[in-house]
Amino acid sequence: MHNHPSGDPKPSRDDIEMTREVRAAAEALGISIHDHLVIGRKGHASFRSLGLL
C-alpha cells in the first residue's frame, strides 16, 4: 500500500511494474501478495479489483 500525494489513486505505469517485480520476488520465496492499494484524496485503487494482480 502507498499513497499518491497528487490525490489521484489511479495506478501509474511505475506502480504496475514495481508490483510485478515485488510479486515475482515474493512468489520465489513462497509468499502470496493479496493486493496492492493506492490511496489518494479521491479514494483508493485496488490492484486486485482492477485486474492488475
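Values quoted throughout were computed directly from the atomic coordinates according to the rules given, and no laboratory measurement underlies them. All values reported here derive from a predicted model rather than from experimental measurement. Cβ placement follows ideal geometry from the backbone for every residue including glycine, while neighbour counts extend to all protein chains displayed.
Listed values, structure above:
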| read-out | value |
| --- | --- |
| Angle between the chain longest axis and helix 13-28 axis [Cα atoms, degrees, rounded to 10] | 30 degrees |
| Listed values (i) 3.4; (ii) 6.0; (iii) 5.0, entry calculated as mean projected area of the Cα convex hull in nm² | (i) |
| Dipole magnitude of the chain, debye to nearest 20 (Cβ charges: Lys/Arg +1, Asp/Glu -1, about Cα centre) | 220 debye |
| Dipole-positive endmost among His2, Ile39, Ser12 within the stretch 2-46 (Cβ charges, Cα centre) | Ile39 |
| Charge tally in the Cβ shell below 12 Å around Ser6, where Lys, Arg are +1 and Asp, Glu are -1, Ser6 excluded | +2 |
| Contact order normalised by residue count of the chain, Cα under 8 Å, 6+ apart, percent | 47 percent |
